[in-house]
Structure formats: structure tokens, C-alpha cells
Amino acid sequence: MARIEVGALHHLPKRIGKCVKIGHMELALFRLSNDHVYAVENRCPHRGGDLSQGIVSGEFLFCPLHDWKICMRDGNVQAPDRGCVKTYKVEIENEKIYVQL
Amino acid sequence: MKRKQLVLIGNGMAGVRCIEEILKIDRDLFEITIFGSEPYPNYNRILLSTVLQGDTSIDDITMNDWEWYEKNNIHLFVGETVVKIDKEQQLVFTDKGRVAEYDELIIATGSKPFILPIPGSDKQGVTAFRDIKDCEMLMEYAKKYKKAVVIGGGLLGLEAARGLLNLGMEVNVVHIWEHLMERQLDPTASKLLQREMEKQGMKFLLQKETAEIIGDDRVEGLRFKDGTEIAADLVVMAVGIRPNVELARQSGIAVNRGIIVNDYLETSVPHIYAVGECAEHRGIVYGLVAPLYEQGKVLAEKLCGIKGRTYTGSVVSTQLKVSGVDVFSAGEFMDQEGTSSIKVYDEFRGIYKKVVIRDEKMIGAVLFGDTSDGRKLLDMIQKNENISESFQVSFFRPSSNQSNKSMTAEMADNEVVCGCNGVTKGTICKAIVEKGLKTVEQVRDCTNASRSCGGCKGLVAELLEYTIGEEFDRSVEKETICSCTTLSREEVIEEIKSKNLKYVKEVMNVLGWKNEEGCSKCRPALNYYLSMLYPTEYQDEYESRFVNERLHANIQADGTYSVVPRMYGGVTTAEQLRKIADVAEKYNVPMIKLTGGQRIDLLGIKKEDLPKVWAELDMPSGYAYAKALRTVKTCVGKQFCRFGTQDSTQLGIDLEKKLERLNTPHKVKMAVSACPRNCAESGIKDVGIVGVDGGWEIYVGGNGGTHLRAGDLLCTVQTEEEVIEITGAFLQYYRESANYLERTSKWVERVGLERIREVIFDVDNRKQLLVRLEEALVAAKDPWKEIVENKEIQEKLFRDLKVPVNH
């Protein structure tokens, strides 16, 4: 487990995802309307879509490729599709965003 | 740029297919070297048995001839075996003393035939049946000798046996089990097969285990464990294959039965991959061609850096290639606890069909005598679909002429209704019945049918009608914006106007949306309606835009984007082309493609490069990504064309300059042709103009896409000014009254051409429409320019966060 600082909260606009590159790893980072920040693996389980570019609604995001609906909190794909993306724990301290890898 | 070195060990079907896939994606990425132990180019090993049976020749089964390797600049070394891999230095060594460097290494060494470890298996006249050499030897032997024994009553053994029979030999097939092809067939099918092969002249010794091969130097016969013997002057061992993993094992790569690979076909060692029969994926080693090809494709994408699919395993099917015998088998075909099956056994015609079902899902099938349903069944098994109640056995085919049911009633349950998402009639009908669905939208949300292109909505509606009968009433089906609200578009727009709502969030809030923040359907729709109603004051909301319209480029399957600069009327200049070429080179654009709308598309651009690419192109956005006016396609026109009656090119340019950047409910494509030959395809455009002597015809509602439709003639006018005016009024009326994502083809049908004429031919009305159109056009700015000049937006939308790795 590693706790990694990925950036400052003010760099993360609300409801616009950010792709975070950590070495070869890619996360999609989202700041919701209520200021909660979620991090998920940046890869839709369907066809590998770039989730960071999806439309955000509440704690759900919609994959830009084929509109799969994914819950950012637990990573679960919503019916009628099935699947799961990896989620990562996010902590905010002094306006800085940390992700537990 | 130095190309990366890609080395392939094994010049067979799986490895070479992977190379083909790589070349398809990017010809220039790798310098490719292939080593193959056999002295031939890649051939179709599966067809060796048909060569033996005399149906084809060895030349015919060559898949990639020498020329192919040359043409693709592949360094090919045949008759040369790789004996060592140095994974630290990334080198391979061959038995001829050659050393090759690699950046990426694919192992595709296939398998080796299993030779029974019994006394005498090394005698002359004992052979396997695996490669061209074996095949040629068998054909030679058949000329000199008479008595052949094939050990192994599986697929390969039977195919070889049939070949030897064709070559005039007496053939006995020895099998250790009671039933032939026991790994592919159930006992009933197996018995039918045996009966058929016996008719062809083959003899079987079942439940016989070979103990020894007897003879001096040459084989003379076989002795079995039960003490009996049989004479033979040729023995073919077809008892199975083993993955060829020695090289990998010696090189320190993790090996179980095969070389262990993950879903990306990566072995335990970085930069080394394995595909084909030598690879073991999730505990399974595949020996059939379809899975190997799937693996090759996944690996190719991986090596080319496409964030593509993973390989998650395959449901395999087999078909025996023996003339006159049709056998098919797929999936889990044996009856076991927890399964039930549907069987048809027609002894009279020698036909047997069986499908095995678990939890209402088809998991396996066996067909004998008539394998025509094989593909369909395999498809159903692979898709893991529920088997509907109407999948029944019947004695008589329903005769089609006596029925007056609709086409949907006639469709088979496994027929695909929604091609985009692979949803069948059976799935839809079952969902309708079980979940009590009443609307097309509910079917969509529940089954995915009609979710992508929407082309099958009509069929889904018919299925609803067919399944629930009168309960389904198309007219009461109110089309709501999405499932977040019970309001229709008209109601929402009325509310927005009367309550003077100004923001997406406000609309959802005030109108009692079920989901507080809406969904990917209603948010972009509301964003459009608001911008249409308040063109000057409404601030486009990035977070309610689909990625393409947020980033002003088209997202591609691999997460890169495409860029199409504006070229009015499809006319360009040497200067523009030079600029485009320079940008394409500078940013290593992997593909430059001409579009159907007469534009140049630069594909494969990274998100972060987009603003730089636009800045350097210094051309306006071509809006190829937008729900807006896309392109005005033109023919050459009378300036050059001998048939041209009008200057179509100039009118196209004028229309495009007038209407560019106009946001519309869905994309709008236009064309101008200078005569009815219609070289610009005006008949299938949202607005298509056709020049005739002394005037212009205006066609509307044409579509060349999912809803193929010829445009309707709206009117004929005399001047270019009139064309621009009518087109503008038509588009503004479309903007104001169409549902978001409703193309003009659907809208024209819904609203009716007469109504449209009434609205836009009324002089006062038209004036007002044009005033509102003008407002929208004035407010629209070139988005690329805006982004290029705005560092903050670049930062917000285009920049990734990069975290250096230092732990």
C-alpha cells in the first residue's frame, strides 16, 4: 500500500474528471458536487473507455464510449450491464488529494 | 525514429495471425523477425487432414507465402529453431548460432504430438500426424504398404484414418475408451459417428490399450494390454498434443501445462508474451483456431499500445472434417447434475441434435448429421443468453404461407434484433413477459436493445405489440426526455419558458427530477434546449456535455481523438494541405483519412496535444464531433463539369459559411449538387440541394445512416439567396421543435412535411425564424480558437495530472 499525493483540490474542477497518470497506471479522479473525491481505475470494463472523460451525475459516471453507468463509490457497473472497476481510497488533507494505492 | 524489435518464435497460425493484426494497426511500429523450425512459410495446419484425404494440396494450405513476408519487411528464418532466451539482455539464440535482440518477444511454439511412452514407439513406420513432413511421409507409406493402425479415436485420429482410407489402406482405429471423440461427443452422437465411419470402411478396436509396438526395425504390429495383437505396417499416433513449452521453461518463464499468460497474454517475464497452443490462460490451453485468433488480436492491440480489449477465454466449438460426416460440438455438452437438455433424435435420417441447459442458459450443444444450426447455437452459448420458453422441439416446420403474422412473429428467438448490442428476439420477449415491460424505453433499459444506434426501435415496438398485444398502445406512449423525469420535451420547454429557468441544475430541481443530477441523456438535452432558448446569455455547461462536444474532437476507441478542420464546401488549397501535412508529421498522426463529407480527418491525436494541433493548424473547427452543422458536401459544378447547370461549389461554400457553428438537436449534413446526377449525394442529406436548369431543388429529411431515407422535395427556388433563406428557416424550425438527438429524417416524419411547409412558407413566420437563427449564429464562436487562447480551459479540460513514481 502506498499513499500518493496526486494534486491539489483546487486543480480538480467539480464534475469534470481528471486522468491521473502514476507511472504506467491511470486513475480517473472525480470531485462531486458535494466535494467528495473519488478515484477509480481509468478503464471501463466494457471496452476500456477513458472513464475520466465521462459525464458525472451524483456518485455515478457514464463511460464516454458506450454510456455504461458506473458507481464511483463501489466501482459497480449498473444494470443492465455488468462488471466492476477498481476503486481507490481518497483522502483530502490541507487541500491536497492523496490516493491509497 | 528507430523501430522497436519484435521477435516471434514459431512461424505458425497463432503467431503469424498476431503479426498480421499488428500490421493492420500500425505497419511501421516494429522491425519484425520470425523464427520457424519447419522449412515452410505459415500454413494452415488444420487442413493437413484434408490434404491427406486428397481434397487439397500442400500449396493450397499455405496461408502466407514467401512474398507476404518480403512485402511486409519481415525477417524470416525457417528451418531454424530458437534454443535459448536471455531475458535479461533481451536476446534470443538459435540452433544456427544466430543471435537476435528483441524489445518485445512473442512465443508461439504451438504443441508437440504426444508419443506414447511404450516399447517400440521409435520403430520405423511409427509416426505422428502433426506437420507437412508427417503428412508427406504418410502419403509415401500408403503407396508401399497396406495395413494402417491409427491409435486415438479423437478428432485428429479419425481425420487421419479417413485420409489413409482414401489412400487405399486398410485402417483400424484403436481407441482406449468405449466412445469415439469422447471429448466432443456424447455417447449417442458417438455411436452414430462410429456407425457412419464403419459404413465408410473403417474398423474400430475400442477399449483397447496399446502395450507395445512389435517388429524388428520396422513396425509389424501392436500388442494390447489384454494380450491380443493386430498386424500393422504403419502406425499413426494421434493420442493428443502437448504444449511446446521447453524453451520457455528453460528460460525461466512460468510454465504450468502451457506457458502461463494473463488476460493481456503477458507471461511472467516482462516483454515476453505467448499466444496459441503453447499458452495457458486461466488454466486452459486451447488447441483450436478461433481462440488462438482472438488471442492474437488482443496481443496485437496490447503491443501497439491500444488500450483495448483483454482476452477472457473462449467457448470452443469443433467440427470434424471428414467428408460425408457432419459433426458439431460446443461448450459443455454432457448431461450432468443440474443440467437439462433438449434432444432430437431422428434415427430415420441419421440426425441427432442436443442442447444442454443450465439455469435457463444454453451451455453446450452436439449436432450430428445436420450441423446447419451450429453457428447459431455457438453464438447463443457464447452470449450466455437465456433460452426462451419458445425454444421448442416441433415435428413439423411451421409453414410460412398460411400465417399472416407479422415479420417479428416469424423471427426465430435467437435472431438478433439489436445488432449493436447483440440482443435477440428471445431475450426481448422474455424480458417483456417476465418484467412486465410496456414501453420501448423500458425494454431498452432492461435489455440494452435499441440503446446504441436506435435503428431497431421500430422492431422493438413491434415485439412489444406481438408479445403483450392490445395492452401496448403506441399512442399513449409518452416520450419522456429520459427516465429521470415524467415530462416530455414539450412540457419541459414550456416550463423553462414560463418559469424563466436558466440553468440545467435549476431545471432539474424545479421540475422535480428523480435523480438530482440527471443522467447522460437529460443533461446534454437540457443543455441544448437552454442554449437554443437563450442563445446570447446561456453559458454552455461543460459538465453536461458529452466528451466530444466538451473537448471539440471525436473520442476514438483507444481514448485518442480525431481532428477535422473546416474546409468550406470541401474545397481546399495547397497551403492548407501543406499545413495539415506538417502538423500530421509533427504530432505523429497515425492515420490521415478522407471523410465521407469531403474533409480531412487526423486520427489518433492525444488529448493533451489537441490545443497545440489546433493552434498550429490555424483553421476553424470542422465540427465533425458536434450536434451541429457538420459539412456541406459539393460536386464540382458548372465551373468545370460539362453536365453542371449551377455553381454548386460556391453555393455550398456560402451555405457553410452562413450556417457553420449552428448547434442543432442532432448532427446536420448538407450537400449541393449541380445537376440531378447528384454527385454530392444530396438525396440522403438532412438538407440536400440539387441544381436544375434555372433553379434549385431543396430536399429535406434525407439520411444515409441508420435510418436510410431519401429526402423529400420541400420546394424549388430560383436563386441562391432563396436557398440560403429557406434552408435557414428550415433548420431553425428543426432546432426549435425537434427532440434532442432526433435527426431530421425522424423529425420530418413525425411533424410532417405539410406542417413544415406551413411554418416556413408563411412570410412573417419565416422572418421571425430567421431573426432567431441570426441570434444563435452571432453568438457562436469558433471553439478551437477560444480554447487555444484560454490557458485556464486547457488546464481544466485537457491536462492530465502526472505523478512521478519515486517509491
Within region B:540-555, restricting attention to residues that are facing chain A (nearest Cβ under 8 Å) and touching a Lys or Arg at 6+ places or on another chain (Cβ under 8 Å), which residue is surrounded by the most Cβ atoms within 10 Å (Cβ to Cβ)?
B:SER544
Every residue from region A:39-66 that is part of a loop (DSSP other than H, G, I, E, B) and surrounded by fewer than 19 Cβ atoms within 10 Å (Cβ to Cβ):
A:HIS46, A:ARG47, A:GLY58, A:GLU59, A:HIS66
Note on region B:269-301: residues farther than 28 Å from B:GLN89 by Cβ and surrounded by fewer than 20 Cβ atoms within 10 Å (Cβ to Cβ) are B:ARG282, B:GLY283, B:ILE284, B:GLY287, B:LEU288, B:VAL289, B:ALA290, B:TYR293, B:GLU294
Given the conditions (1) among the aliphatic types (A, V, I, L, M); (2) in contact (Cβ under 8 Å) with a residue 40 or more places away in the chain; (3) within 14 Å of chain A (Cβ to nearest Cβ), every one holds for B:LEU770 apart from (3)
Subset of region B:176-197 that is surrounded by fewer than 21 Cβ atoms within 10 Å (Cβ to Cβ) and touching a Lys or Arg at 6+ places or on another chain (Cβ under 9 Å) - its residue that is farthest from B:LYS354 (Cα to Cα)
B:ILE176
Starting from region A:46-59, take each residue that is free of Cβ contacts under 8 Å to residues at least 40 places away in the same chain and list its partners that are surrounded by 24 or more Cβ atoms within 10 Å (Cβ to Cβ) and polar (S, T, N, Q), counting only C-beta distances under 7 angstrom and pairs at least six apart or across chains.
A:ASP50/A:ASN42; A:LEU51/A:ASN42; A:SER52/A:ASN42
Which ones in region B:20-52 are polar (S, T, N, Q), closer than 20 Å to B:LEU288 by Cα and either touching a strand residue (DSSP E or B) at 6+ places or on another chain (Cβ under 7 Å) or surrounded by 18 or more Cβ atoms within 10 Å (Cβ to Cβ) (or both)?
B:ASN42, B:SER49, B:THR50
Output the residues belonging to region B:674-700 that are within 14 Å of B:PHE730 (Cα to Cα) and touching a residue at least 40 places away in the same chain (Cβ under 8 Å).
B:LYS685, B:ASP686, B:VAL687, B:ILE689, B:VAL700
For region B:583-597, give me the residue count where each residue is out of contact with any Leu (no Cβ under 9 Å at 6 or more places or on another chain), within 23 Å of B:ARG3 (Cβ to Cβ) and touching a residue at least 24 places away in the same chain (Cβ under 8 Å).
1
Please work out which one of (1) touching a Pro at 6+ places or on another chain (Cβ under 7 Å); (2) hydroxyl-bearing (Ser, Thr, Tyr); (3) farther than 29 Å from B:GLN295 by Cα is the condition B:SER341 fails and give its number.
(1)
Test result for B:LYS430, crowded, with 17+ Cβ neighbours inside 10 Å, within 14 Å of chain A (Cβ to nearest Cβ), modelled with pLDDT of 80 or more and farther than 20 Å from A:GLN78 by Cβ
yes
Please count how many residues of region B:779-795 are part of a helix (DSSP H, G or I) and touching a residue at least 12 places away in the same chain (Cβ under 8 Å).
7
Going by the structure shown, is B:GLU136 assigned to a helix (DSSP H, G or I) and without any contact (Cβ under 8 Å) to a residue 60 or more places away in the chain?
no
Does region B:527-539 contain any residue that is under 38 Å from the mean Cα position of the chain (by Cα), buried (at least 20 other Cβ atoms within 10 Å of the Cβ), among the hydroxyl-bearing types (Ser, Thr, Tyr) and not in a helix (DSSP H, G or I)?
no
For residues that are of a type in the set (Lys, Arg) and assigned to a loop (DSSP other than H, G, I, E, B), scanning just region B:69-120, find the one that is nearest to the chain's Cα centre (by Cα).
B:LYS87
Across region B:633-678, what is the number of residues that are under 39 Å from the mean Cα position of the chain (by Cα), basic (Lys, Arg) and not in a helix (DSSP H, G or I)?
5
Pairs only if they're at least six apart or on different chains, beta carbon under 6 angstrom, first in region B:305-317 and within 11 Å of another protein chain (Cβ to nearest Cβ), second assigned to a loop (DSSP other than H, G, I, E, B) and surrounded by 17 or more Cβ atoms within 10 Å (Cβ to Cβ); list them, first residue then second.
B:ILE306/B:ASP558; B:LYS307/A:GLY48; B:LYS307/B:ASP558; B:LYS307/B:GLY559; B:GLY308/A:GLY48
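Which of the residues that make up region A:67-79 are buried (at least 23 other Cβ atoms within 10 Å of the Cβ) and either at the interface with another protein chain (Cβ under 9 Å from one of its Cβ atoms) or β-branched (Val, Ile, Thr) (or both)?
Matches in region A:67-79: A:ILE70 only.
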How many residues, within region B:752-771, are among the basic types (Lys, Arg) and crowded, with 18+ Cβ neighbours inside 10 Å?
1
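Table: residues versus (1) within 14 Å of chain A (Cβ to nearest Cβ); (2) farther than 29 Å from B:CYS482 by Cα; (3) of a type in the set (A, V, I, L, M, F, W, C); (4) in contact with a Leu (Cβ under 6 Å, 6 or more places away or on another chain).
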| site | (1), (2), (3), (4) |
| --- | --- |
| B:CYS715 | no, yes, yes, no |
| B:ALA729 | no, no, yes, yes |
| B:GLN732 | no, no, no, yes |
| B:ARG735 | no, no, no, no |
| B:ASP762 | no, yes, no, no |
| B:ARG766 | no, yes, no, no |
| B:ARG799 | yes, yes, no, no |
| B:PRO804 | yes, yes, no, no |
Please go through region A:27-36 and pick out each residue that is in a strand (DSSP E or B) and either hydrophobic (A, V, I, L, M, F, W, C) or within 8 Å of chain B (Cβ to nearest Cβ) (or both).
A:LEU27, A:ALA28, A:LEU29, A:PHE30
With respect to the numbered conditions (1) in a strand (DSSP E or B); (2) under 29 Å from the mean Cα position of the chain (by Cα), which one is the sole condition not fulfilled by B:SER341?
(2)
Kindly provide the set of residues from region B:215-268 that are surrounded by 13 or more Cβ atoms within 10 Å (Cβ to Cβ) and of a type in the set (Ser, Thr, Tyr), ordered by number.
B:SER251, B:TYR264, B:THR267, B:SER268
Given the structure, is A:SER52 within 7 Å of chain B (Cβ to nearest Cβ) and within 29 Å of A:PRO80 (Cα to Cα)?
no
Positions within region B:515-539 being away from chain A (no Cβ under 11 Å) and under 12 Å from B:CYS482 (Cβ atoms), in sequence order:
B:ALA525, B:LEU526
Taking region A:1-26, which residues are more than 9 Å from every other protein chain (Cβ to nearest Cβ) and either outside any strand (DSSP E or B) or touching a Ser or Thr at 6+ places or on another chain (Cβ under 9 Å) (or both)?
A:MET1, A:LEU9, A:HIS10, A:GLY17
Return the only residue of B:VAL583, B:VAL613, B:VAL504, B:VAL589 being under 26 Å from B:THR664 (Cβ atoms) and away from chain A (no Cβ under 14 Å).
B:VAL613
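The values are calculated or read from the model by the stated rules, or taken from the named source; none is laboratory data. Everything quoted here is computed from the prediction, not taken from an experiment. Don't worry about glycine lacking a Cβ; one is built from the backbone with ideal geometry, like all the others, and counts go over all protein chains shown.
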